[in-house]
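J.: Next up is a structure, given as structure tokens.
The values are calculated or read from the model by the stated rules, or taken from the named source; none is laboratory data. Since the structure is predicted, the reported quantities are computational estimates derived from the model, not experimental observations. Quick reminder, even Gly has a Cβ in these numbers, built from the backbone with ideal geometry, and neighbours come from all protein chains shown.
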Amino acid sequence: MPLQEQDHILIEKYLLQQLTAVDQSIFDQRLNDPDFQKELELQKDLMVALRAEGRSQLKDQLQNIEQRIQREEDVQVTTPQHQFRIARIMAIAASVALILAAIYFFSNQKKSGGQIFAQHFEPYPNIVAPLNKSNPETGNREKAFHAYELKNYEEAIQLLNGLPKSDTTHFYIGLANLSLNQPQKAIDFFDKIKKKDSPFYIPMNWYKALTLINSEKANDAKPLILFVKENAKTPGMLNKANLLLDDLD
């Protein structure tokens, strides 16, 4: 049974990822039709051609697909149904080409330090005295880290400054300042962590690098990220470092 115009529109919306929930339900049902499946595969080939060959060779790829349609259905080029299908293919090609051009344009725009920071920054968890709501603790140490976990950063800084100085307090005070958009204060506290065997030395370098990136000092940040990459303790940390380096290139 010949496909209807609505079928071609449905395939187009599928390829451009524009199906609504209702469209998706109809699309799933139409997949039971062999003719619909054949048309879908042809238009998927068009999408692949666009991605693999680029816009400069689009004309040749369209001609190849047109020839396949003629061979498979043995229809005349002048028939209304065939003309409609070619018009629909051309419309999809134009839409996909525009999308690919937009993706290329935006992917090649240099990101600002703030954008890279926002993409990669995640608050470091409270691993010292995690908040336990069913059994709250009231010591100054617990209050300080609970304030940090609850994102009450100004209170956390005040309470942490009242605790004995250590790599732990320096690290979390630096993190709290970073979250308060106080980059220089954050770096000042990160720099107090000197010992490479400190459990906070590697994460300190990570967050110091992010702080520098956010301040548009990517060149200063790169050696720190490379250090994290070379000394990462987990595959996850290694992957994060690689992704950040990719964004800086």
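J.: Scan segment 125-166 residue by residue and report those that are at pLDDT 95 or above and of a type in the set (Ser, Thr, Tyr).
T.: Tyr148, Tyr153, Ser166
J.: Same structure, new question: Of all residues in segment 215-249, count the ones that are surrounded by fewer than 15 Cβ atoms within 10 Å (Cβ to Cβ) and of a type in the set (Gly, Ala, Ser).
T.: Adding up the residues that qualify gives 1.
J.: Now for a separate question. When you scan segment 157-249 for helices (runs of 4 or more DSSP H) that lie fully inside it, which ones turn up with 2 or more residues that are closer than 21 Å to Pro125 by Cβ, in contact (Cβ under 8 Å) with a residue 40 or more places away in the chain and within 22 Å of the chain's Cα centre (by Cα)?
T.: 201-214, 235-248
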